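Heads up, the thing below is written out as structure tokens.
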Amino acid sequence: MLVPTVFLVFALLLPVPLSAEAGSQDPSKVLVWVTPSGTKYHEKDCPTLKNSKNLRSITLEDALKRGLEPCSICNPPVYIGSKELYRVNNPPLRSAREGNLSRMLPATMLEVIDGDTIKVSIPNPRPIQLKAQETIRFLGIDAPETSASPRPAGYYGEEAKAYVKKLLAGKSVRLAFDWDLRDKYGRLLAYIYLADGTCVNLHLVEQGYAFAYVHFTFQFMDEFTRAQAAAKQKKRGLWGR
């Protein structure tokens, strides 16, 4: 029949809409929309932006480098052209010990700043959200401050820093991530793993070199809280005085 044939030809000539995935596009040329205090990036007509003030457009590349996540309502473009970040919350793991080393991001230790903060280098190819060198704040823990901190030094701070140096100095590590990619200071938030599968974050809590940081939700909060209770009962590390 002529009509269906003509319709089919016409349909084939129509422009194909772009997919939400921007893996084949240049992320430096794809625009998304953000608010000054938001943690997500959006399409311009996203319903969640209806009453937003100071809405502005930035490139997808800039949004990813700032650690912003795609909005789940409007499904803005995502970049799939580089190595994927390994997220322990998707699908959710029950324990830090279940982390899949083969999916984690390799990194090389550069410096130990204190008991819960390090600097690393990340080789290419690396996720577009990340820089060649990153300062990492250990997810889910809080170590006492050291004498080099602008805040007052805490009990066992120097011991915690020395232990992290002993544990990580000169080593290659693996990084895994959770809901939030960065903190308010722009530091990368990550779980640090050794080649033998040890989750350093959990290990530091177990050995009494750090507290479980429960002010913000993270995937392994219950496990870290139990580890802290056990360390306290056994008077390990900072719990020994």
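The values are calculated or read from the model by the stated rules, or taken from the named source; none is laboratory data. Only a predicted model underlies this, so the values are computations on that prediction, with no experimental measurement involved. Note that we place each Cβ from the backbone using ideal geometry, even for glycine, and neighbour counts take in every protein chain shown. These accessible areas exclude ligands, DNA and RNA; they are computed on the full protein's heavy atoms, side chains included. Shrake-Rupley method; radii C 1.70, N 1.55, O 1.52, S 1.80 Å.
Just to verify a result, which residue in segment 196-241, among those that are at pLDDT below 95 and hydrophobic (A, V, I, L, M, F, W, C), is most open to solvent (accessible area, probe 1.4 Å)? Per the stated criteria, the residue is PHE216.
Anything in segment 42-60 that is open to solvent by 100 Å² or more (accessible area, probe 1.4 Å) and either in contact (Cβ under 8 Å) with a residue 60 or more places away in the chain or of a type in the set (D, E, K, R) (or both)? List them, or say none. Within segment 42-60, LYS44, ASP45, LYS50, LYS53, ARG56 qualify. With respect to (1) open to solvent by less than 20 Å² (accessible area, probe 1.4 Å); (2) under 22 Å from ASN90 (Cβ atoms); (3) part of a loop (DSSP other than H, G, I, E, B), the lone exception for ALA190 is condition (3).
Being touching a strand residue (DSSP E or B) at 6+ places or on another chain (Cβ under 9 Å), within 19 Å of TYR185 (Cα to Cα) and either hydrophobic (A, V, I, L, M, F, W, C) or open to solvent by less than 30 Å² (accessible area, probe 1.4 Å) (or both) is a property that ILE122 lacks. If only one of ASP180, ASP222 is among the acidic types (Asp, Glu), out of contact with any helix residue (DSSP H, G or I) (no Cβ under 6 Å at 6 or more places or on another chain) and either without any contact (Cβ under 8 Å) to a residue 24 or more places away in the chain or assigned to a helix (DSSP H, G or I) (or both), which one is it? Only one candidate passes the filter, namely ASP222. Counting only residues that are touching a residue at least 12 places away in the same chain (Cβ under 8 Å) and assigned to a helix (DSSP H, G or I), segment 118-170 holds 10 of them. Within segment 4-61, restricting attention to residues that are in a helix (DSSP H, G or I) and either within 19 Å of ILE73 (Cβ to Cβ) or of a type in the set (S, T, N, Q) (or both), the residue that is modelled with the lowest pLDDT is THR5.
ARG97 passes every criterion in (1) within 30 Å of ALA162 (Cα to Cα); (2) assigned to a loop (DSSP other than H, G, I, E, B); (3) touching a residue at least 60 places away in the same chain (Cβ under 8 Å) apart from (2).
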